[in-house]
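In what follows, a structure is listed as structure tokens, so that the remarks can point back to it.
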There are 2 protein chains.
Amino acid sequence: MTVIAASVDERLRLAKDAAREIALLDSARKSALLVAVADAIDEASAEIVAANADDLERGRTDAIGESLLDRLRLDAGRVAALAAAVRAVAELPDPVGRVLDTRTLPNGLALQKVAVPFGVVGSIYEARPNVTVDIASLALRSGNAVVLRGGSAAQSSNATLVRVMRDALSAQGVDPEAIQSVDDFGRDGARALMNARGLVDVLVPRGSASLIETVVTESTVPVIETGAGVVHVFLDATARDDWARDIVLNAKVQRPSVCNAVETVLVHRDAADRLLPELLASLSDAGVTVHGDDATRAHDDRVVAATDDDWAREYGTLDLAVRVVDDLDEALAHIRRYSTQHTESIVTADQAAADRFLAEVDSAVVLVNASTRFTDGGEFGFGAEVGISTQKLHARGPMGLAELTSTKWLGRGDGQVRA
Amino acid sequence: MTVIAASVDERLRLAKDAAREIALLDSARKSALLVAVADAIDEASAEIVAANADDLERGRTDAIGESLLDRLRLDAGRVAALAAAVRAVAELPDPVGRVLDTRTLPNGLALQKVAVPFGVVGSIYEARPNVTVDIASLALRSGNAVVLRGGSAAQSSNATLVRVMRDALSAQGVDPEAIQSVDDFGRDGARALMNARGLVDVLVPRGSASLIETVVTESTVPVIETGAGVVHVFLDATARDDWARDIVLNAKVQRPSVCNAVETVLVHRDAADRLLPELLASLSDAGVTVHGDDATRAHDDRVVAATDDDWAREYGTLDLAVRVVDDLDEALAHIRRYSTQHTESIVTADQAAADRFLAEVDSAVVLVNASTRFTDGGEFGFGAEVGISTQKLHARGPMGLAELTSTKWLGRGDGQVRA
């Protein structure tokens, strides 16, 4: 079993040193390493489940609620799924070494822009222990060391998972310091991570809007902001009845807790009489509580009155805000005001309206006639998802392994000097 | 003449509104706009030079020093050069709309990742009024609005330049609020810019290391860090005499004040007797003061003793630190410790050493047998340079117009929902 450094600073320094070794491993070696990590997780299944039982017991004592308990829970099946996910990451193409640009200067100096690992990736996240394994395996596949700070609710599970992964690296002859946890330092661990400029190259927060807001505001390490989704579907005047209904129901009901679920539906006034009665009935049948403006409520008395707060809410539940708007311009203005710039979709048969929506909505993913639930690394074919970036710097939308790399210019000359 | 909003917040909001219009302009329109801006600068030349005279007079009263006065100075020739630079930017390819990725999901949903403007680009910089025009024109070419905060020493020059550019937009029927200055609010203007999350999409500081450090530390708006260069050249055991001498001299002497000038030369012990006598003599002849370790000083008594501080210094002058190292490993360790990860170069005839240097040095630009002075957007063929990024997120190394864009995923479907 690997020894764990006593101080946060020491762990960060050790991670930075280990990052140099990980960055130079070739693709096959990194894959083999991940397979070894997956095997180790499988072998330690009983131990992981036992550690998780401690977290669950504490969670019950602290009355954290059934839905959090469920996200926290690891049983033998879930541990096997964790290991399988690591094996899937092992098979993904290596994002490191891709040549992204090539230029030869007039004097013969040959330049290449290549993808390189960041170095050390930090992550601050909440109660789900699967994120521990998820982020660690994605970081390793992309040649990075990783420093993890998970939620205190999952502390025993995370400690065991980190130890199992570190031991697996060690057994493979690779520096185990490439995987670090600072969970045991509580908030001080998170703070150290956020201020570790020069030691941590990028920080990816995953979790609630307030966690992400804290990290974005307090961190001096560059952050990739993920997450919050106040997602809109606009049903245009020419929206097909079946597409309007199917897309809204899918976007709201299929998995309401996720960030790509729709939270507000805007309906063109000219289509309200045609679309709303059936749509509202279908939503009610599916158990959705609709929070509507007056024009919406006129169509169905099960609709509750929306307040201004509803337009800005990411419900994450079977609740949906619905508003009737005069036209595309009013829809665009509403989206500009309330969207978190994650995903918006228009349902329309009007090409000009579709084109304007695509051009003018300033969100990571803008769709025409499709469910907002497609904003997902797996759906996009990335094979894995680091998160969904809602910022504009570096990465926007679903992030795959490529987004865990930076670049470097390499130049090969024969004595060139600048004139 | 366009009216200027009274409060910082109002200016930022107006810039954000104007950004929507600028983002949708096509390439030809943006070029025409920039040509109009260039013409307006030419026409206002006398007025700009007069405003600049006020700044120069205040600078002399404040005794800011000859080198700052020179950077501040605008005469008719320099104003014409400013206008010419804007015309050159007008001719650069439009970075907006490039299709960066295309995917069709198995269900037929067609996805495109396209380059889009950031929205509002902020810049905080020091006394050079040419940066005002430079950043504004690069921002417009890439479809962005811009909020500028220049140094107080150039306040009159900047105010006139901003007014001339705003009036030119206005005369072209484009919202002049796309170009804003917050110079008149002093430090409060800078602070407002650094905390304008949601209004400003990216902040590019340009200037001294301390200015950049302040912006990186205090800003909640995402920052692209530019600048500081403690740049190294390593002369390996097999370095050719002529390349070693030419590259070091070019990298130090050609323009010592810039960030890609070399600050420390590391010499392999096995090459020291062969290379150092002539190299040190050439450096002395060129007026360079060498700060050396004992092994270097043994070769030339004009070499002054280096202190530990010298290894971390970005001189920006005709000073150079020189150290003899045992081997490539010691050179790499020195660079790891002291480099600002801007540019490093190895001079070697040994392919294995070159490959290790390229792979292991973690800097924006890593060169073999070439002067570090090539780290430059113009030299790289970008046609313009926004700055040289020394961070790993979003942009690394010389930044061209492409680095002033973000991306957006567009998806066109026909009723797809997620299974």
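Numbers at a glance
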{"read-out": "Total accessible surface hidden between B and A, rounded to 100 Å², 1.4 Å probe", "value": "5900 Å²"}
{"read-out": "Förster-model FRET efficiency, 25 Å R0, residue B:62 and residue B:187, C-beta, rounded to 0.05", "value": "0.90"}
{"read-out": "Normalised contact order of chain A, rounded percent, pairs of Cα under 8 Å and 6 or more residues apart", "value": "17 percent"}
{"read-out": "Rough spin-label spacing in nm, given labels placed 7 Å along Cα→Cβ, for residue A:17 and residue A:414", "value": "4.2 nm"}
{"read-out": "Segment B:231-374 - charge dipole about Cα centre, Lys and Arg +1 at Cβ, Asp and Glu -1, debye rounded to 20", "value": "460 debye"}
{"read-out": "Shielding score for A:382-394, defined as the mean number of other chain Cβ atoms within 10 Å", "value": "3"}
{"read-out": "Cβ-vector label at 7 Å, residue B:103, separations to other copies in nm", "value": "2.9"}
{"read-out": "Dipole in debye (nearest 20) - the protein assembly as shown, about Cα centre, beta carbon charges: Lys, Arg +1; Asp, Glu -1", "value": "560 debye"}
{"read-out": "Portion, in percent, of the accessible area of chain B that falls on carbon or sulfur, probe 1.4 Å", "value": "49 percent"}
{"read-out": "For chain B, built as a Gaussian network whose Cα springs stay under 10 Å, the top-fluctuating residue of B:20, B:396, B:98", "value": "B:98"}
{"read-out": "Chain A, closest residue to the rotation axis toward B, by beta-carbon, whole angstrom", "value": "A:394, 2"}
{"read-out": "Rounded to 5, the percent of DSSP beta bridges in chain A classed as antiparallel", "value": "30 percent"}
{"read-out": "Largest to smallest principal axis extent of the C-alpha atoms in segment B:138-182, angstrom", "value": "31, 20, 14"}
{"read-out": "Lys/Arg +1, Asp/Glu -1 at C-beta; the protein assembly as shown dipole; positive extreme among A:3, B:251, A:176", "value": "B:251"}
{"read-out": "q = 0.23, 0.25 Å⁻¹: log10 I(q)/I(0) that the Debye formula gives for segment A:102-196, counting C-alpha atoms only", "value": "-1.16, -1.31"}
{"read-out": "Using a Förster distance of 41 Å, the FRET efficiency for residue B:217-residue A:274 (Cβ separation, nearest 0.05)", "value": "0.15"}
{"read-out": "Cα-based radius of gyration of segment A:288-419 once divided by 2.2 N^0.38 Å, which approximates compact folds", "value": "1.48"}
{"read-out": "Efficiency of FRET between residue B:3 and residue B:305 - r from beta-carbon atoms, R0 51 angstrom, step 0.05", "value": "0.25"}
{"read-out": "Compactness relative to 2.2 N^0.38 Å, alpha carbon Rg of segment A:1-114", "value": "1.58"}
{"read-out": "For q = 0.09, 0.11 Å⁻¹, Debye-computed log10 I/I(0) when each Cα of chain A counts as one equal scatterer", "value": "-0.64, -0.88"}
{"read-out": "Magnitude of the charge dipole, segment B:1-100, Cβ model with Lys/Arg +1 and Asp/Glu -1, debye to 20", "value": "420 debye"}
{"read-out": "Antiparallel DSSP beta bridges within the protein assembly as shown, percent to nearest 5", "value": "30 percent"}
{"read-out": "Ascending list, in nanometres, of distances separating the residue B:330 label from those of the other copies (7 Å, Cα toward Cβ)", "value": "7.7"}
{"read-out": "Convex hull of the protein assembly as shown built on C-alpha atoms - directionally averaged projected area, nm²", "value": "36.2 nm²"}
{"read-out": "Residue A:195-residue A:152 pseudo-label distance in nm [points 7 Å out on the Cα-to-Cβ vector]", "value": "1.9 nm"}
{"read-out": "Protection proxy ranking, peptides B:7-15, B:258-266, average beta carbon neighbours within 10 Å, highest first", "value": "B:258-266, B:7-15"}
{"read-out": "Across the identical copies, how the residue A:295 labels are spaced - nm, sorted shortest first, 7 Å along Cα→Cβ", "value": "7.9"}
{"read-out": "DSSP bridge orientation in segment B:231-374 - percent antiparallel, rounded to nearest 5", "value": "0 percent"}
{"read-out": "Qualifying lysines (Cα of each under 17 Å from Cα of residue B:16; at least 8 residues distant if same chain)", "value": "A:392"}
{"read-out": "Placed amide H near residue A:407: partners under 5 Å, 5+ positions off or other chain", "value": "A:116"}
{"read-out": "Inter-site label distance for residue A:327 and residue B:80 at 7 Å from Cα along Cβ, in nm", "value": "5.1 nm"}
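The values are calculated or read from the model by the stated rules, or taken from the named source; none is laboratory data. Worth saying up front: this structure is predicted, and the values here are computed from it rather than measured. Glycine also receives a Cβ, built like all others from the backbone with ideal geometry; neighbour counts cover every protein chain displayed. When the accessible area is computed, the model is the full protein with side chains, heavy atoms only, and any ligands, DNA or RNA have been set aside. Shrake-Rupley method; radii C 1.70, N 1.55, O 1.52, S 1.80 Å.
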